[in-house]
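The values are calculated or read from the model by the stated rules, or taken from the named source; none is laboratory data. These numbers come from a predicted model, not from an experiment. Here the Cβ positions follow ideal geometry from the backbone for every residue, glycine too, while neighbour counts run over all protein chains shown. For the accessible areas, the whole protein counts, side chains as well, though only heavy atoms, and no ligand, DNA or RNA atoms are used. Shrake-Rupley method; radii C 1.70, N 1.55, O 1.52, S 1.80 Å.
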Amino acid sequence: MKSLIAANWKMNMDIKSSISFINNFKKYIKKIKNKEIVICPSFTLLNKINESTKNTKIKLGAQNMHFEEEGTFTGEISALMLKDVGCEYVILGHSERRQYFNETDDMVNKKIKTAFKNNLKPILCIGETLEQRNNNKTLKIIKNQLINCLKNIDENEIKNIVIAYEPIWAIGTGKNATPQQAEEVHKFIRELLSHIYNNKISSNVRIIYGGSIKESNIKDLMAMKNINGALVGGASLNPKSFACICGFNNST
Ligand code: PEP
């Protein structure tokens, strides 16, 4: 299956710096093959980046959206608005949304349903805290998050989901999960998907890893059987670094 490498720019960049990023990035990724590359910038940058990535292999994603389709929700963004501006993907349930904005599995579940209804592909983020890992609760937490977030999601839709395993202790800390630690959880997620749905679905869903990915650790992580791509925060803000990450097994 084609690896998916997604950039989560978080609350960084403005129009000028993002266009300069895209212009440079386009040059660096010319030789990259067999990867799906997605950039998830702030809402204010989506339109410009959509225009500047037309006819390239760069796809567009958002970092969040509301679960209602329209209405009196001041300050929120809908799935339709994201589609309108050229998004194909949307990150849902990122740990920063859960931690700072009190997003729950139930809200994430509603968002996934709305995303599918509007032909957006969700990148569902799940992951444990350091305390939970140290108390051997990782797999239990992952299981609960996955079951709750995927409640009543149809098997015709689930094939378009991307699941991002993002251990919270690895996000922005410079301390990535080892390939073995990540593979253990990815394999567990795949087995769970096969219980909830079936083997065929489970083997086709991309399970990507996120947490302090950089040029120096991408290759070893991507060599693991159940790791099908990466969600990249900090290192995606530099076009050369992100291009090297995207081309981890190509020459850029
Ligand atoms: C993220 O926030 O999704 C992320 C993976 O961040 P970083 O790469 O900076 O750890």
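Brief remarks follow.
- Loop-located trypsin sites (Lys or Arg not before Pro) in the stretch 197-238 (DSSP state other than H, G, I, E, B) with a sparse environment of at most 14 neighbouring Cβ atoms within 10 Å: K214, K225.
- Extension gain (nm, one decimal) between E68 and N204, 0.36 nm per residue minus Cα-Cα: 46.1 nm
- Over the chain, relative contact order from alpha-carbon pairs under 8 Å, at least 6 apart, %: 22
- For W9, the residues whose amide H sits under 5 Å from its own are C40, ignoring neighbours fewer than 5 places away on the same chain, with H placed 1.01 Å from N.
- The spacing between the stretch 228-252 and the stretch 197-215, judged by their C-alpha centroids, is 17 Å.
- Debye intensity ratio I(q)/I(0), log10, the stretch 3-246, q values 0.12 Å⁻¹ (C-alpha model): -0.64
- Solvent-accessible surface of the chain, taken per residue with a 1.4 Å probe and all protein chains present: 48 Å².
- Ligands, DNA and RNA left out, the accessible area of the stretch 147-225 computed with a 1.4 Å probe is 48% carbon and sulfur.
- Summarising the amide proton neighbourhood of L92: residues at separation of 5 or more, or on other chains, whose placed amide H is nearer than 5 Å comprise I123, L124, C125.
- Computed [θ] at 222 nm, deg cm²/dmol, the chain (DSSP H ≥ 4; -39,500 (n - 2.57); rounded to nearest 500): -12000 deg cm²/dmol
- Modelled label positions at K143 and S42, each set 7 Å beyond Cα in the direction of Cβ, lie 4.1 nm from each other.
- A simple spin-label model places pseudo-atoms 7 Å from Cα toward Cβ; at N249 and Y100 they are separated by 3.5 nm.
- Qualifying trypsin sites (Lys or Arg not before Pro) in the stretch 25-133, where qualification requires a DSSP coil assignment and no more than 13 other C-beta atoms within 10 Å, comprise K30, K31, K33, K54.
- Derived scalar couplings ³J(HN,Hα) [the stretch 124-136; Karplus, 6.51 cos²θ - 1.76 cosθ + 1.60; whole Hz; x for Gly, Pro]: 7, 9, 9, x, 9, 7, 5, 4, 5, 5, 5, 9, 6
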